[in-house]
Amino acid sequence: MIRKKIAIPGFSEMYGTIPDGSVILLLGEPGSGNDIFALQALYSHALENGKVAYLTADTYPEDIIEEMQAYGWDYNKVKSTWKFIDAYSTRNIKEKVEELITYAREGYWTTIDTITKMWENLSITEIVKITRKLREAAREGGGIHFLVAMKGEVDIKDERKIKRIADGLIEFTPLAEHDVGILRILKMRRRAGNWLTIPYRITQRGIEIETTMHIV
C-alpha cells in the first residue's frame, strides 16, 4: 500500500506516514491550528511540485494568501500548481465542491476550509454525501484530503456522522498553561494503534511537533 508523508516538522518522526487516498478530518476550536496544519501540509506538497486544490468556504482566497505570508510561505512559489476554489463569495457551494472533487480524482491534494461553514447552507444529508464522494475520489486519484472542522459549531450527532465517514480523525486542543497544544490522532485508515497524543506548537513558521516534550 502506498503511503504519503505529511511535511509538518516532527509529524512523520512521531507518527509515520498516511495511507494514500485518505480523507482526514481536522477537528479543533478556532485558533487551535487545525486550519494551519492543512494549509502547511498542502503548501509543502506544492513546493515539491504537487498539485493542490484549496476550497475556501469561510473566507476569501486572498485572506488565505495573507495567512500564508504570515508564516513565511510564498504563494508565488506554488501558484502554478495551486488552485483556489472560492466557495465563500458564491451561493452555489455544491458546484464549487464538485469542482474540488474533480480535482481530487485528478490526483490533487485538497482541503475544504471549513466543512462546518457549509452547515449554514447545506443539510447534514448533503454534507454526508459530499464527504463520501470526496472519499471515493480520493481512492481513485490518491493524495491526501483534509476537512477542516471547528469543534462545537454543529450538532454533535452531525459531527459524529462525518467522523465516522472520514478515513482519519485528528483533534487539536490548545493548552494555554503549557504554551502548546495537544494533537490527538483518534482514527486512521489501515493502521493499528491509532490513538496517539502529540504535543505541538504554533510558531512563526507554522505547526511544529514537539518530539521531546511530554505532557502529563
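The values are calculated or read from the model by the stated rules, or taken from the named source; none is laboratory data. These figures come from a predicted structure and were not determined experimentally. Cβ sites come from the backbone with ideal geometry, for glycine too, and all protein chains shown count toward neighbours.
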- Apart from one, (1) in contact (Cβ under 8 Å) with a residue 60 or more places away in the chain; (2) within 14 Å of K51 (Cβ to Cβ) all hold for L134; the odd one out is (2)
- Hey, could you check the range 82-98 for residues that are surrounded by fewer than 17 Cβ atoms within 10 Å (Cβ to Cβ) and hydroxyl-bearing (S, T, Y) and say which is nearest to I202 (Cα to Cα)? S89
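Scan the range 64-85 residue by residue and report those that are among the hydrophobic types (A, V, I, L, M, F, W, C) and touching a residue at least 60 places away in the same chain (Cβ under 8 Å).
W73, the sole residue that qualifies.
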- Kindly list the number of the only condition in (1) under 19 Å from D35 (Cβ atoms); (2) touching a Leu at 6+ places or on another chain (Cβ under 6 Å) that fails for I101. (1)
- Message: Of everything in the range 27-45, what is crowded, with 21+ Cβ neighbours inside 10 Å and more than 14 Å from I182 (Cβ to Cβ)? Give them in sequence order.
- Response: D35, I36, A38, L39, Q40, A41, L42, Y43, H45
- Task: For the range 161-177, enumerate the residues that are at pLDDT below 95 and either within 13 Å of the chain's Cα centre (by Cα) or in a helix (DSSP H, G or I) (or both).
- Result: A176, E177
- Item | strands (runs of 3 or more DSSP E) contained in the range 1-86 and holding at least 3 residues modelled with pLDDT of 95 or more and under 14 Å from the mean Cα position of the chain (by Cα) | 22-28, 52-56
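Looking only at residues in the range 178-216 that are among the hydrophobic types (A, V, I, L, M, F, W, C) and part of a loop (DSSP other than H, G, I, E, B), which one is modelled with the lowest pLDDT?
So the residue we want is V216.
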- Note on the structure: Those residues of the range 87-104 which are at pLDDT below 95 and of a type in the set (A, V, I, L, M) amount to I93
